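Take a look at the structure below.
The values are calculated or read from the model by the stated rules, or taken from the named source; none is laboratory data. Keep in mind that this is a model prediction, so the values were computed, not measured. Neighbour counts run over all protein chains shown; Cβ positions are idealised from the backbone, glycine included. Accessible surface areas use protein heavy atoms only, side chains included; no ligands, DNA or RNA. Shrake-Rupley method; radii C 1.70, N 1.55, O 1.52, S 1.80 Å.
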Amino acid sequence: MKLLSDMASCNSHGQDSSYFLGWQEYEKNPYDEIQNPKGIIQMGLAENQLSFDLLESWLAQNPDTAGFKRNGESIFRELALFQDYHGLPDFKNALVQFMSEIRGNKVTFNPNKLVLTAGATSANETLMFCLANPGDAFLLPTPYYPGFDRDLKWRTGAEIVPIQCTSSNGFRITQSALEESYKLAKTRNLRVKGILVTNPSNPLGTTLTRNELELLVSFVAEKGIHLISDEIYSGTVFNSPKFVSVMEVLIENNYMYTEVWDRVHIVYSLSKDLGLPGFRIGAIYSNDAVIVSAATKMSSFGLISSQTQYLLSAMLTDKKFTKKYISENQKRLKKRHAMLVKGLESSGISCLESNAGLFCWVDMRHLLKTNTFEAEIELWKKIVYEVRLNISPGSSCHCTEPGWFRACFANMSEDTLNLAIQRIKSFVDSSDVIGINVDQSNQTNQNTSTSPKKKLFAKWGFRLSFNDRER
């Protein structure tokens, strides 16, 4: 008799992706300036550690809040007792105000339409449970965050069908790409329930244009499906063009009194904008009362602690602090982004032009031995084991073109990033890199060294399905 459930024994979690395998290798040999200076530098983790000093300064100036006091009196017992899944009203009010502030106060949000979740992972999965039955499909533009293969599919049984975007137009979403993806789903006998986009994009670090957003809203209106806009990086936009929320487009195009108004949903989190992934603060915003009700009930399986809500409601209602934090954090991200881009350029490596996020989409196509995904994984292994950097290969993000990589820049010190850049430069300048000629409008430096290659250290195999890119 089988003792475990199908879910417990299945292999659909996605842990065998190179995205997660890179993390495993990093954890075996993590870089430390003193203890392990030759270790692997983690550039596969999209964390924002650049503005912790601002958060710590606020905590030091507000000891009562940090100590769970109100007007000098302890409220520890009040916070320690059971709280229902609707969340603390003060925190929900503070969060929607912060969401508006991030968006330049061009849109406002109703706290009664907000569902609190334990991070954006929980928010996205909850929406899948609300919108799709097992076997139903959501369309996602490529490249996309590798964790979506787990978050959207593993427990829900939903399917992902790619919207194939290419470098020829900067990986922008087009009408033809949407139509082709929709037709592909139909040929696989999948019922399309919606589209999910990240805006700003992970891994591209670009914001969706107003035209793209209007195209998406028009498409879901025509097809009678949903649109999820994952906007967890909305506060990381450090350069023009400015961030445009899907909510702005809905209002500007008078969708408020149409069915589409109830079929567009926003996911938000404080993991990226405020750099607090460990606090597990996520949210769903929807105009559909049925979805809000169902998602609120489901949130029982992933609540945010009352202590966390109390602390952050005080922090987010301090408008002097939030204004300073948003501005200063964006300045620091801009500086760090420029540092990585310039450093890579000195090695003949270019990046997709971007204006947001905690990472760069790096073009290493000219360093591949052949224009294949197998060659991409071979190069990635060399970067992990020889260069000792963990970056995410484009194939883990379902990119249609081999040779692109995501490299994070905000989860380390400036000195560590400089070291990472130096390691890349030494690798490119070394005699063991054999490049290929790839037609790239923005890439002119081609390494044509023909010296013998060094033996790869990597011995273990990857259970990577290259056919997944066609699904």
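In segment 70-85, the residues that are over 24 Å from Leu114 (Cβ atoms) form Cβ pairs under 7 Å with partners that are open to solvent by less than 90 Å² (accessible area, probe 1.4 Å), at six or more places apart or across chains, as follows: Gly72/Asp64; Ser74/Phe68; Phe76/Phe68. Scanning segment 170-192 for residues that are hydroxyl-bearing (Ser, Thr, Tyr) and under 27 Å from Trp361 (Cβ atoms) turns up Thr174, Ser176, Ser181, Tyr182. For segment 378-398, check the following and say yes or no: at least one residue is at pLDDT 95 or above, of a type in the set (Val, Ile, Thr), closer than 25 Å to Pro141 by Cα and assigned by the TED database to the domain that holds Val341. Looking for residues that are at pLDDT 95 or above, of a type in the set (Val, Ile, Thr), closer than 25 Å to Pro141 by Cα and assigned by the TED database to the domain that holds Val341, one finds at least one in segment 378-398, hence yes.
Do we find a residue being farther than 13 Å from Val267 by Cβ, open to solvent by less than 20 Å² (accessible area, probe 1.4 Å) and β-branched (Val, Ile, Thr) anywhere in segment 75-86? Scanning segment 75-86, I find at least one residue that is farther than 13 Å from Val267 by Cβ, open to solvent by less than 20 Å² (accessible area, probe 1.4 Å) and β-branched (Val, Ile, Thr), so the answer is yes. Only one of the numbered conditions (1) open to solvent by 50 Å² or more (accessible area, probe 1.4 Å); (2) in a helix (DSSP H, G or I) is not met by Ser181, and that is (1). Residue count for segment 16-51 under the criterion of being without any contact (Cβ under 8 Å) to a residue 40 or more places away in the chain and assigned to a loop (DSSP other than H, G, I, E, B): the result is 3. The residues of segment 223-240 that are of a type in the set (A, V, I, L, M, F, W, C) and open to solvent by 10 Å² or more (accessible area, probe 1.4 Å), listed by number, are Ile232, Val237, Phe238.
In this structure, is Glu101 assigned to a helix (DSSP H, G or I) and at pLDDT below 95? When the stated conditions are applied, Glu101 does not pass them.
Is it fair to say Phe98 is surrounded by fewer than 15 Cβ atoms within 10 Å (Cβ to Cβ) and of a type in the set (Phe, Trp, Tyr)? Here the answer is no, as Phe98 does not meet what is asked. For the subset of segment 348-375 comprising residues that are out of contact with any strand residue (DSSP E or B) (no Cβ under 8 Å at 6 or more places or on another chain), crowded, with 19+ Cβ neighbours inside 10 Å and aliphatic (A, V, I, L, M), which member is farthest from Gln422 (Cα to Cα)? Applying the filter and picking the extreme gives Ala356. Number of residues in segment 1-31 that are modelled with pLDDT of 80 or more and exposed (fewer than 11 other Cβ atoms within 10 Å of the Cβ): the value is 6.
The set of residues in segment 235-262 that are of a type in the set (A, V, I, L, M, F, W, C) and either under 29 Å from Lys323 (Cα atoms) or not assigned by the TED database to the domain that holds Leu274 (or both) comprises Val237, Phe238, Phe243, Val244, Val246, Met247, Val249, Leu250, Ile251.
Out of everything in segment 32-49 that is under 17 Å from the mean Cα position of the chain (by Cα) and not small (Gly, Ala, Ser), what residue ends up being surrounded by the fewest Cβ atoms within 10 Å (Cβ to Cβ)? My answer is Gln49.
Identify all residues within segment 123-150 that are in a helix (DSSP H, G or I) and either basic (Lys, Arg) or under 20 Å from Gly205 (Cα atoms) (or both); write none if there are none. Once the filter is applied, which keeps residues that are in a helix (DSSP H, G or I) and either basic (Lys, Arg) or under 20 Å from Gly205 (Cα atoms) (or both), segment 123-150 yields Asn124, Phe148, Asp149, Arg150. Find the residue count for segment 148-171, including only residues that are among the small types (Gly, Ala, Ser), surrounded by fewer than 22 Cβ atoms within 10 Å (Cβ to Cβ) and closer than 12 Å to Phe129 by Cβ. Number of matching residues: 1. Taking segment 52-69 as the range and being outside any helix (DSSP H, G or I) and either in contact (Cβ under 8 Å) with a residue 12 or more places away in the chain or open to solvent by 50 Å² or more (accessible area, probe 1.4 Å) (or both) as the test, the residues that pass are Asn62, Phe68, Lys69. Take Met128 and tell me if it is buried (at least 21 other Cβ atoms within 10 Å of the Cβ), under 16 Å from Ile281 (Cα atoms) and in the same structural domain as Lys242 (by the TED database). Answer is no for this residue.
Condition first: in a helix (DSSP H, G or I) and open to solvent by 10 Å² or more (accessible area, probe 1.4 Å). Now tell me which residues in segment 397-423 satisfy that. Selection gives Glu414, Asp415, Thr416, Asn418, Leu419, Ile421, Gln422, Arg423. I'm checking my understanding of the structure. Among residues of segment 330-347 that are closer than 27 Å to Leu270 by Cβ, in contact (Cβ under 8 Å) with a residue 60 or more places away in the chain and not hydrophobic (A, V, I, L, M, F, W, C), which one is surrounded by the fewest Cβ atoms within 10 Å (Cβ to Cβ)? Among those residues, the one meeting the criterion is Lys331.
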